[in-house]
Amino acid sequence: MINNIIFDFGGVILNIDFQKSIDAFEALGFTNFDELFSQFKADELFMKLEVGRVNEDDFFERLKEVAPEKVEKYQLKNAWNAMLLSYRKESLEFLNELSRQYNLYLLSNTNEIHYAAFSEMLRRETKFDNLESFFTKAFYSHELKMRKPDKEIYEYVIRDARINPEETLFIDDTHTNFDEAEKLGIKTYLLLPDERIEMLTLERFS
């Protein structure tokens, strides 16, 4: 019996394209940005940003230091946020429907820069004021100082939300995030690029 659903954010509720940021940084002169950051790996600087161990100003200052050409902070910020495309509005509406039957949670590897950007995007693109209103609770890596796929973040969510992992479904678009969650008893589902959460028959997991 599934009583709780944990959702990833990017690629599940928000359309993202990592290549957009790679292209934007390359346009600024970075020739190896795809080696520094991708969906499946991250340079130490980016990992520190995701777990809140480096702030926005220090992050951009470090990028300016390694930039092959002179760049301004606003250019770096625009390039970093280029991967954030648009909300899946039907998916947001579906969350409201699901909340009548399930406890909903958000678990996202993100950072303070993207958080500010996608929060503003939500207000601009929809009638909603904040993303957190869709969920019983939202968990962000930069606030928790831990990230997926580490076991500790799943243990924290289970403990903080007081949920039974065997009654919980975790939906993510990155398969490498599943191993530790599954070891704790959480059911998982890989959302494919052409799928949307509103297409899923969630009763199959009960």
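Inside segment 162-195, can you point out the residues that are assigned to a helix (DSSP H, G or I), surrounded by fewer than 16 Cβ atoms within 10 Å (Cβ to Cβ) and more than 17 Å from the chain's Cα centre (by Cα)? I'd like the intermediate steps shown before the answer.
The first filter runs over segment 162-195 and keeps only residues assigned to a helix (DSSP H, G or I), leaving 165-167, 175-177, 179-183.
Of the ones still in play, those that are also surrounded by fewer than 16 Cβ atoms within 10 Å (Cβ to Cβ) are 166, 175-176, 179, 182-183.
Scanning segment 162-195 gives Glu166, Asp179, Glu182, Lys183.
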Residues in segment 145-160 that are in contact with a Phe, Trp or Tyr (Cβ under 9 Å, 6 or more places away or on another chain) and buried (at least 18 other Cβ atoms within 10 Å of the Cβ): how many?
-> 5
Could you list, in sequence order, the residues of segment 23-45 that are closer than 16 Å to Asn81 by Cα and touching a residue at least 60 places away in the same chain (Cβ under 8 Å)?
-> Gln39
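Residues that are touching a His at 6+ places or on another chain (Cβ under 6 Å), over 21 Å from Arg204 (Cβ atoms) and in the same structural domain as Leu200 (by TED's automatic domain parsing): does segment 150-171 have at least one?
Filtering segment 150-171 for residues touching a His at 6+ places or on another chain (Cβ under 6 Å) gives none.
Within segment 150-171, not a single residue is touching a His at 6+ places or on another chain (Cβ under 6 Å), over 21 Å from Arg204 (Cβ atoms) and in the same structural domain as Leu200 (by TED's automatic domain parsing).
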Could you tell me which numbered condition Ala116 fails, if it satisfies all but one of (1) assigned by TED's automatic domain parsing to the domain that holds Arg162; (2) assigned to a helix (DSSP H, G or I); (3) touching a helix residue (DSSP H, G or I) at 6+ places or on another chain (Cβ under 7 Å)?
-> (3)
Test: residue in segment 102-117 that is at positive phi and either touching a Lys or Arg at 6+ places or on another chain (Cβ under 6 Å) or without any contact (Cβ under 8 Å) to a residue 40 or more places away in the chain (or both) | no
Taking first residues from segment 133-156 that are at pLDDT below 95 and second residues anywhere that are small (Gly, Ala, Ser), the pairs with Cβ under 7 Å that are 6 or more apart or on different chains are none
The condition of being under 22 Å from Asp129 (Cβ atoms), surrounded by fewer than 21 Cβ atoms within 10 Å (Cβ to Cβ) and out of contact with any strand residue (DSSP E or B) (no Cβ under 6 Å at 6 or more places or on another chain) holds, among Glu65, Glu44, Glu97, only for Glu97
Does Ile197 meet the test of being in contact with a strand residue (DSSP E or B) (Cβ under 6 Å, 6 or more places away or on another chain) and not polar (S, T, N, Q)?
-> no
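The values are calculated or read from the model by the stated rules, or taken from the named source; none is laboratory data. Computed from a prediction, not measured in an experiment: that's the story for all the values here. Using ideal geometry, Cβ is built from the backbone for each residue, glycine included, and neighbour counts are taken over all protein chains shown.
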